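Below is one structure; the comments refer to it alone.
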There are 2 protein chains.
Amino acid sequence: MKHELDYIFKPRSVAVIGASRRKGSIGHEILHNILIAEFDGKVFPVNPKSPVIHSIKAYPTVLDVPDEVDLAILIVPKEHVKPVVRQCGEKGVKGIIVVSAGFSEVGPEGKAREMEVLEVVREYNMRMIGPNCFGIVNADPTVNLNATFGKTYPKSGNVGFITQSGAMGEAIMNHAAELGIGFSMVASIGNKADISSNDLLEYFKRDPRTSVILMYLENFGNPRNFTRIALETSLVKPIAAVKSGRTKLGAKAASSHTGALAGLDVGVDALFEQTGVMRVDTVEELFDVAAALSVQPIPKGNRVAVVTNAGGPGILATDALINSGMEMPSLTPGTIAELKKFSSADASFSNPMDMVAGAGPREYKLTLDAIKKDERFNIIIPIYVPPVTHDQLKVAVKIRESLTDTGKSVYACFMGAGGDSPGIEHLRQHNIPVFIFPEAIAGTLATIHGYTTWLNRPQGEVRTFNVDRGRVNGIIAKTVKGKDGAVVGEDALDILDAYGIQVAGYRYANSAEEAVGIAADISYPVVMKIASPAILHKTEVRGVIVDLRSEDEVRNAFHELKNRAGELEKGEYFSVAIQQMITGAVETVIGMTTDTSFGPLMMFGLGGIYVEVMKDVAFRVNPLTDQGAREMIKSLRSYPLLTGFRGAPPVDLATVEETLLRLSQLVRDFDCFSEIDVNPFIVSPDKENCKAVDARFIVHDSGCRA
Amino acid sequence: MKHELDYIFKPRSVAVIGASRRKGSIGHEILHNILIAEFDGKVFPVNPKSPVIHSIKAYPTVLDVPDEVDLAILIVPKEHVKPVVRQCGEKGVKGIIVVSAGFSEVGPEGKAREMEVLEVVREYNMRMIGPNCFGIVNADPTVNLNATFGKTYPKSGNVGFITQSGAMGEAIMNHAAELGIGFSMVASIGNKADISSNDLLEYFKRDPRTSVILMYLENFGNPRNFTRIALETSLVKPIAAVKSGRTKLGAKAASSHTGALAGLDVGVDALFEQTGVMRVDTVEELFDVAAALSVQPIPKGNRVAVVTNAGGPGILATDALINSGMEMPSLTPGTIAELKKFSSADASFSNPMDMVAGAGPREYKLTLDAIKKDERFNIIIPIYVPPVTHDQLKVAVKIRESLTDTGKSVYACFMGAGGDSPGIEHLRQHNIPVFIFPEAIAGTLATIHGYTTWLNRPQGEVRTFNVDRGRVNGIIAKTVKGKDGAVVGEDALDILDAYGIQVAGYRYANSAEEAVGIAADISYPVVMKIASPAILHKTEVRGVIVDLRSEDEVRNAFHELKNRAGELEKGEYFSVAIQQMITGAVETVIGMTTDTSFGPLMMFGLGGIYVEVMKDVAFRVNPLTDQGAREMIKSLRSYPLLTGFRGAPPVDLATVEETLLRLSQLVRDFDCFSEIDVNPFIVSPDKENCKAVDARFIVHDSGCRA
């Protein structure tokens, strides 16, 4: 069955509405591009003023076109877009590309104009790309559709590219042409009024000619759909993405640019990590990943052999590769013995294998032939600094002869070979990507390694525990919330308890002597904190004293806390809560924060200082899988403190993981919390002593379903 | 007066010994390069077998040359180098460049050969570059010396370049030629047997034609000299460097490559930071810095205006700039009012100023004219994504017309303009550097900003305190050191005390009851640790218990420690030391470690966990200045814990700084310590409670001067 987007990417006939004779105008360039790329279908220029454009008969309106029209491309003034779209609907057009600008990207008025256009599109069951876009490309030789106004018709290949910025799309296609990267399809999605990056991801996932997907994104239309679609796609094809708007100011620029609300960057990182999308920082890195994955197999591991004719680049490569998490095993004695048969005596028979400056085509061929046999290596990097004494093309030919179809991934580095290097040209033509600097190879491998690690790990599952949902409803209903909508103290711990999360029990005292009695009961050391609800909401009061070991200390602490609490409101009485102090434990923080785009982000970190000062904290988009919880915990820099630092026994990580999952379930079950802070959640070697000591829930203004 | 290196870089006459008629041979290429660059002096080929080379009369030996010879370039088999160098000495040659390889880079035998050559060089008071080098360039149009075997004669300019790898030198010159970067002088220093990077830094510092210095280094010959020379040079000219061998494996590759011992990478970072050298990670970044600083003024601040015709690149630039520590103030209302007079209504009048896609030459000129007047901006970044609708050369011309000689630093970004872009060409010819991607501009600015921050800060001074040096001598002389040469316990604290560093006093107890008495004396809480020297050296014994608050706790602790100590050796008795426990304090670690190249590195960090797990630790090469100590402290991620975290009063930072400086003086005064670990050094808000609680000194095998 024909996919509805096939009418856009594989149309049998295209109407260019707003086609123009004026050279340099967008309406001219798009028609021109379609014609010179030798589109395989029919093209109908539409323009009420010119009966002939580019020697082709033009029609006053799309309704006048004598044939069926699958796709209409609109380059008309913004005010005309809506009526023209309606004409397309009446004509029976299936797909629309609106290149015209002046819609949601320019403010509320434009937004309204865009919504009106969208209504007409929906009314006629059409699909639309844009408005405010650069067009699309399908470089399949059986289609050859270049419906953009760019200067470059990309080489046919297997890279699918989705870009939210038209300018970036053009810049990227130009640069890709220089690097010899070939595309299957390119889509500039503009304001994404109808067709979104999600729709295109699904479409590219199904497309047999696309094997790598690149994205340039400024925001997510529907991040929750993106999560599902990106994950399903990543499992079959690698996706690499640049998501701009990382910084607040960058996000502001993105927001004024696209009219979209930019999400928290930690959310984007979490989302990409969970869905296997390779996030790269720069457009340059996006190219590097594309150059590598479009022509070479995904490496089966991270073990690299470097072969070079120059020491310096070999060292740079080694530094960069090791820092990127690659391994460089040494050569086997057998390989070394073979290499010694023909190598210079000055060569360095290690990894990097430095053949020294005299090495020419013969040495490259023999050395690579010897090394490619070593099963331990997954990746081979031949580095060549062309000296005056050898013909670089001959070296390139030998590298290609030796390394084509080895099953290993091959990335060449020709340093300082010049822009028009025949050696680089030869290798690229034969599907060996060539980098100018060795550091870029390392960065690319690190990115790809992250993807393969994601692919090979267990996918994990969202777990559901037996919990007491009704009890949480009851607590929320009865709770006296503070002005900020916070549920704190015992109520907060009760919510956790209802979800099977262990909490440290409280007992209350209204006087110092009562406190002493309770402490003796619980057994020393104890923790004392202010219990009066009204004071609890005053976060500026330091309301906790820990590690009290004697009657005297308990008595003093009671008076100290009363002092700190200050003047009480009328009708309020002062009381403290006393808890057992768990020793030999590590303080963690478990929580949730809400991102405007992604919804709830689960959070985990160690102690207040690690989270607040060291910024050592892990996020995951909810729902959280068991695998995701494990990864969150392990991703912390402070993780060693949980596994037995300085001879201490390791804490019960299974309980930490389960607690994260139970909290994740609570967040799934109740959408009324905008923030949760379980702080501290004490963890220790034995399960019984892993307990939430304090918690705080912020409830949305709209409240919970009771 | 003529500098001795002038005979090498500005010779009046050059002998090419080993010049050859065989095309492609090094001896051929060097002579060829000298001739085609139109060297301003006389050239004498020397070759016993060919009477004429390149139509020039050749001489059998250098002794046969009829004129004086300033510089001899040797491309002869390694065995012939020594006798030929002697001939040069006899001839009165002043400078030697040995291109021939087969010396210290190939092992001990080569090293011996190199030392013999060096002896002859010294005997005749000559200076030598190499062996195993790529040659030198002086692109001064009054000299025009290209004594390399590379394919590129670099453009004349103001960048001085020192490279330890010949291959890197060639690769870099080729790439620089593509970017239009001009050089004053280039020196490939090879094995650095005589002339080192330090010599060349000094020489380039004096050279009026050099205003930026680039270095590619694999190791430091004499890092202590480098410290002084690099610092003096950085004060007058910016230096940017790639130092490879960052990772252990990379360092191993560097070491097998150059025969040099690679230093600790933290040492290199510390050294560069202290001396104002801009350390960049990749050769690509080295170019970017060169492209920026060679033609544009050093920015007077970090406030950037971005002007773009495309939203996407504007956002990418903003993200990258903000992440790199730049500031992007918004436009003033006055500027906005002016811009509105001619801009598209769809433009976004913020920073980045997005002129939207229609912007052409006129808009670039008017917009940049308006923005350059704003005094708040130090840096202007015009971004241009060439659309089909405008001529990019015209835009480039307008950018140049508007921004030449504004006193501000200008970096242009032409994204996707193509490799042979006439716009890029035009700007580069007119000294405006052009980058393809905006992220590279941000990285470059961050690097340069680090340099200007260094330039503008107080230089700091090495302070000298009144200390009791004799007492330290006494302690070392009498000390019973452990098997590992460690001075620990009271002795170690006494050394600190002699240098005016506050220490927490000890009192000793041989029984639990004695301990209880002392604790009552000192006042609770107290710390107890094992005092028996033999046990102290057993680091695996957990010999400290803190925060003891009662008689019972002290008694239990005594027995617990005795248990941990285990079986005592004959003649050994068990005792504990008791100290006051300082509360409300932060634990820091102050120390020193020795780097094989750089000597003592001073170290500072917080608590054991921050140093050991979080790797949050600062290093500086000794001697440490007061400014350096301040920077060390502030550079920690955990620094906020010292300045009053969560309402705690800030600790006495002046005492921390002074302690670092006093320890630095101790390290200067006594060269017998290979490691010092003051751990913990407790710091609190009041000076009296900033104290070293424990310390450990490792003494070199050779011992201290007593």
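So how far apart, in nm, are the two label points at B:Ala654 and B:Thr142 if each is 7 Å from Cα heading toward Cβ?
5.5 nm
At what distance in nm do the modelled label points of A:Asn431 and A:Glu4 sit from each other, each positioned 7 Å from its Cα along Cα→Cβ?
If labels sit at A:Asn431 and A:Glu4, their model points lie 3.6 nm apart.
To the nearest 10 degrees, how steep is helix B:512-522 against the longest Cα principal axis of chain B, on a 0 to 90 scale?
Computed tilt is about 70 degrees.
For peptide B:158-169, what's the mean number of Cβ atoms from other chains within 10 Å of each residue's Cβ? It would help to have the intermediate numbers written out before the result.
Numbers: counts 0, 0, 0, 0, 0, 1, 3, 8, 6, 16, 9, 4.
Counting Cβ atoms of other protein chains within 10 Å of each residue's Cβ and averaging gives 4.
Could you give the nm distance between label points at A:Ser156 and A:Asp40, where each point is 7 Å from its Cα heading toward the beta carbon?
0.8 nm
Name the aspartates and glutamates eligible as straight-distance cross-link partners of A:Lys205: C-alpha to C-alpha under 13 Å, and not fewer than 8 places from it in the same chain.
Once the sequence-local aspartates and glutamates are set aside, what remains near A:Lys205 is A:Glu232.
At A:Ala520, with labels set 7 Å past Cα in the Cβ direction, how many nm apart are the copies from this one, shortest first?
Its label point is 2.4 nm from the equivalent points in the other copies.
Mind listing the label-point distances from A:Gly470 to the same position on all other copies, shortest first, one decimal in nm, points 7 Å along Cα→Cβ?
A:Gly470 label point versus its equivalents elsewhere: 8.8 nm.
Can you give the FRET efficiency to the nearest 0.05 for B:Tyr124 and B:Asn323, using r as the Cβ-Cβ distance and R₀ = 56 Å? Provide the component values of the computation, followed by the final result.
Values: r = 55 Å, r/R0 = 0.99.
Efficiency, rounded to the nearest 0.05: 0.50.
Can you list the HN-Hα couplings for the range A:468-476, worked out from phi with the Karplus curve (6.51, -1.76, 1.60; θ = phi - 60°), rounded to whole Hz and with x for Gly and Pro?
Here the 3J(HN,Hα) series is 10, 5, x, 4, 5, 4, x, 4, 4 Hz.
Please arrange B:Ile676, B:Ile56 by counting, for each residue, the other beta carbons lying within 10 Å of its beta carbon, fewest first.
Details: B:Ile676 26, B:Ile56 14.
By the 10 Å Cβ count, ascending, the order reads B:Ile56, B:Ile676.
Distance check, please: which entries in A:Lys341/A:Lys372; A:Lys151/A:Lys408; A:Lys49/A:Lys155 exceed 28 angstrom between their Cα atoms? Please list the in-between numbers first.
Values: A:Lys341/A:Lys372 16 Å; A:Lys151/A:Lys408 36 Å; A:Lys49/A:Lys155 35 Å.
Among A:Lys341/A:Lys372; A:Lys151/A:Lys408; A:Lys49/A:Lys155, the Cα-Cα distance tops 28 Å for A:Lys151/A:Lys408; A:Lys49/A:Lys155.
Could you list B:Tyr384, B:Tyr411, A:Tyr59 in order of exposure, starting from the residue whose Cβ has the fewest other Cβ atoms within 10 Å?
Working: B:Tyr384 31, B:Tyr411 26, A:Tyr59 18.
Lowest count first: A:Tyr59, B:Tyr411, B:Tyr384.
When A:Arg564, B:Arg662 are ordered from fewest to most other Cβ atoms inside 10 Å of their Cβ, what list results?
Numbers: A:Arg564 16, B:Arg662 20.
Sorted ascending by nearby Cβ count, the order is A:Arg564, B:Arg662.
Given a Förster radius of 56 Å and the C-beta distance between A:His700 and B:Lys82 as r, what FRET efficiency does 1/(1 + (r/R0)^6) yield to the nearest 0.05? Present the calculation step by step, with values, prior to reporting the outcome.
Details: r = 85 Å, r/R0 = 1.52.
Result of the calculation: an efficiency of 0.10.
Length gain on complete extension for the stretch A:Tyr524 to A:Asp391, per 0.36 nm per residue less the alpha carbon to alpha carbon distance?
Working: separation 133, 0.36 × 133 = 47.88 nm, distance 8.15 nm.
Extending this stretch completely gives an extra 39.7 nm.
Holding the Cα-Cα limit at 20 Å, pick out from A:Lys82/A:Lys243; B:Lys42/B:Lys91; B:Lys2/B:Lys94 the pairs that are longer than that. Walk me through the numbers on the way to the answer.
Working: A:Lys82/A:Lys243 31 Å; B:Lys42/B:Lys91 16 Å; B:Lys2/B:Lys94 12 Å.
Violating the 20 Å limit, Cα to Cα: A:Lys82/A:Lys243.
For A:Thr163, list long-range residues whose amide hydrogen, built 1.01 Å from N in the peptide plane, is under 5 Å from its own amide hydrogen.
It is A:Ala187, A:Ser188, A:Ile189, A:Tyr216, by chain and number.
What whole number of Å gives the distance from the Cα centroid of the range A:170-220 to the Cα centroid of the range A:571-595?
Here the answer is 49 Å between Cα centres.
Suppose every K and R has +1 on its Cβ and every D and E has -1 on its Cβ; what is the size of the dipole of chain A about the Cα centre, in Debye to the nearest 20? Present the calculation step by step, with values, prior to reporting the outcome.
Working: 74 positive and 84 negative charges, 380 e Å.
About 1820 debye.
By how many degrees, between 0 and 90 and to the nearest 10, does the Cα long axis of helix B:248-258 differ from the longest principal axis of chain B?
50 degrees
From the square roots a ≥ b ≥ c of the eigenvalues of the alpha-carbon gyration tensor of the range A:60-156, which class results: rounded (a/c under 1.5), prolate (a/b over b/c), or oblate? Write out the running numbers ahead of the final one.
Values: a/c = 2.11, a/b = 1.25, b/c = 1.68.
In terms of gyration-tensor shape, oblate.
Can you give the convex hull volume of the alpha carbon atoms of the range A:346-459 per residue, in Å³? All intermediate terms of the calculation are to be shown ahead of the outcome.
Working: hull volume 13.2 nm³, N = 114.
Per-residue hull volume (Cα only) is 115 Å³.
Working from the alpha-carbon coordinates of the range B:181-228, get Rg over Rh, Rh being the Kirkwood radius. The partial results should precede the final answer.
Details: Rg = 11.0 Å, Rh = 11.7 Å.
With Rh from the inverse mean 1/r over Cα pairs, Rg/Rh is 0.95.
Is it possible to state the helix-based mean residue ellipticity at 222 nm for chain A, with each DSSP H run of 4+ residues giving -39500 (n - 2.57), the sum divided by total residues, to the nearest 500 deg cm²/dmol? What is it?
Working: 24 runs with 269 residues, N = 706.
Here the helix-only value at 222 nm equals -11500 deg cm²/dmol.
With the cut-off at 1.5 for a/c, could you classify the protein assembly as shown from its C-alpha gyration tensor as rounded, prolate or oblate?
oblate
Debye calculation, C-alpha points only, no solvent: report log10 I(q)/I(0) for chain A at q = 0.08 Å⁻¹, in the same order as the q values.
Scattering profile of chain A, log10 relative to I(0): -0.80.
Which angle between 0 and 90 degrees, to the nearest 10, do you get for helix A:311-323 versus the longest principal axis of chain A when only C-alpha atoms count?
It works out to around 40 degrees.
Can you give the FRET efficiency to the nearest 0.05 for A:Lys340 and A:Tyr639, using r as the Cβ-Cβ distance and R₀ = 45 Å? It would help to have the intermediate numbers written out before the result.
On the way: r = 45 Å, r/R0 = 0.99.
E(calc), rounded to 0.05, equals 0.50.
Using Stokes-Einstein with the Kirkwood hydrodynamic radius over Cα pairs, what translational diffusion coefficient do you get for the range A:1-105 at 25 °C and a viscosity of 0.890 mPa s, in µm²/s rounded to a whole number? Before the final figure, lay out each step's value.
Details: Rh = 13.7 Å.
This corresponds to a translational diffusion coefficient of 179 µm²/s.
Name the lysines eligible as straight-distance cross-link partners of A:Lys529: C-alpha to C-alpha under 22 Å, and not fewer than 8 places from it in the same chain.
Partners within reach: A:Lys481, A:Lys483, A:Lys538, A:Lys562, A:Lys570, A:Lys691.
On average, how many beta carbons from a partner chain sit within 10 Å of the beta carbon of a residue in A:281-288? Before the final figure, lay out the partial values.
Working: counts 5, 9, 9, 5, 2, 0, 1, 0.
Whole-number average of other-chain Cβ neighbours for A:281-288 is 4.
Ordered shortest first, which distances in nm separate the 7 Å Cα→C-beta label point of B:Asp669 from those of the other copies?
With the label placed 7 Å along Cα→Cβ, B:Asp669 yields 6.8 nm.
Bear in mind that the values in this text are calculations on the coordinates, not laboratory data. The structure presented is a predicted model; accordingly, all values stated were derived computationally and were not measured. Ideal geometry is used to build each Cβ from the backbone, glycine not excepted, and the neighbour counts take in all protein chains shown.
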